[in-house]
Amino acid sequence: SQKIEQNSEALNIQEGKTATLTCNYTNYSPAYLQWYRQDPGRGPVFLLLIRENEKEKRKERLKVTFDTTLKQSLFHITASQPADSATYLCALINQAGTALIFGKGTTLSVSS
Amino acid sequence: IAGITQAPTSQILAAGRRMTLRCTQDMRHNAMYWYRQDLGLGLRLIHYSNTAGTTGKGEVPDGYSVSRANTDDFPLTLASAVPSQTSVYFCASSLEPTGELFFGEGSRLTVL
């Protein structure tokens, strides 16, 4: 069955550094992948969508890559700030093509 | 109100009781979803509806039912609650199936 793995549950970095989060998937070839941010006690909020024919996508300090050969997406936050501290989730379409399924998330903590 | 509204925000329920979690969206989105979020397990899809009048089963549908009588509402019913259904439930919607998801703020349910 298809699996989505976000390789670390927690990532701690210092302010100003680049945070890199990883999303790996198996048994699947999605047409696109999405990234969400979730703050404690809140619902997830959409950040970026990257399609299989796009190698890289940027939005302000965010950058996402999508390597369909490695079956991996990398999510980068450059010049990180304490306000970037949150849980970040990656999501893919399920095999039936009917809904999104999510990885377990990586909790990022940025210290000043 | 713009977005998704979930009710109740929080509820404590005795095992065996029936409970309906309400979800309403005012964005005229075609697709709606119910997820549950548990520590260590992430977000898991319970049921979805790609258009009014249709529903489908997600990853963990047992013990839950949904209906989609109109575009705006997508209630989730627990016919006879059990303690393992203690969780935070998120409703979400998207303009098209598997598109960008908009989430509600969640309903925290405790079954004793």
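The values are calculated or read from the model by the stated rules, or taken from the named source; none is laboratory data. Values in this document were obtained by computation on a predicted structure and should not be read as measured data. Ideal geometry is used to build each Cβ from the backbone, glycine not excepted, and the neighbour counts take in all protein chains shown. Protein only, heavy atoms only, side chains kept; ligands, DNA and RNA dropped before computing areas. Shrake-Rupley method; radii C 1.70, N 1.55, O 1.52, S 1.80 Å.
Listed values, structure above:
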| item | result |
| --- | --- |
| Some residue of region B:31-47 being part of a loop (DSSP other than H, G, I, E, B), open to solvent by 20 Å² or more (accessible area, probe 1.4 Å) and touching a residue at least 24 places away in the same chain (Cβ under 8 Å) | no |
| Among (1) under 13 Å from B:Ala52 (Cα atoms); (2) within 14 Å of another protein chain (Cβ to nearest Cβ), the one test that B:Pro75 misses | (2) |
| Which numbered condition A:Lys63 misses (of (1) away from chain B (no Cβ under 13 Å); (2) surrounded by 13 or more Cβ atoms within 10 Å (Cβ to Cβ); (3) over 14 Å from the mean Cα position of the chain (by Cα)) | (3) |
| Search result, residues across region A:8-40 that are free of Cβ contacts under 8 Å to residues at least 60 places away in the same chain, open to solvent by 70 Å² or more (accessible area, probe 1.4 Å) and within 20 Å of A:Ala86 (Cβ to Cβ) | A:Pro40 |
| Region B:55-65: number of residues that are more than 8 Å from chain A (Cβ to nearest Cβ) and either surrounded by 14 or more Cβ atoms within 10 Å (Cβ to Cβ) or in contact with a strand residue (DSSP E or B) (Cβ under 6 Å, 6 or more places away or on another chain) (or both) | 7 |
| Residue check, B:Ser84 part of a strand (DSSP E or B) and either open to solvent by 10 Å² or more (accessible area, probe 1.4 Å) or modelled with pLDDT under 95 (or both) | no |
| Top-ranked residue of region B:20-54 - restricted to ones that are among the basic types (Lys, Arg) and farther than 16 Å from A:Ala91 by Cα, ranked as farthest from the other protein chains (Cβ to nearest Cβ) | B:Arg28 |
| Residue match in region B:94-108 (condition: more than 24 Å from A:Leu48 (Cα to Cα) and open to solvent by less than 30 Å² (accessible area, probe 1.4 Å)) | yes |
| Filter result for B:Arg68 (modelled with pLDDT of 95 or more, buried (at least 18 other Cβ atoms within 10 Å of the Cβ) and part of a loop (DSSP other than H, G, I, E, B)) | yes |
| Scan of region A:87-100 for residues that are buried (at least 22 other Cβ atoms within 10 Å of the Cβ), in a strand (DSSP E or B) and more than 10 Å from the chain's Cα centre (by Cα), ordered by number | A:Leu92, A:Leu100 |
| Residues of region A:41-56 satisfying the condition of being of a type in the set (Asp, Glu) and surrounded by 18 or more Cβ atoms within 10 Å (Cβ to Cβ) | none |
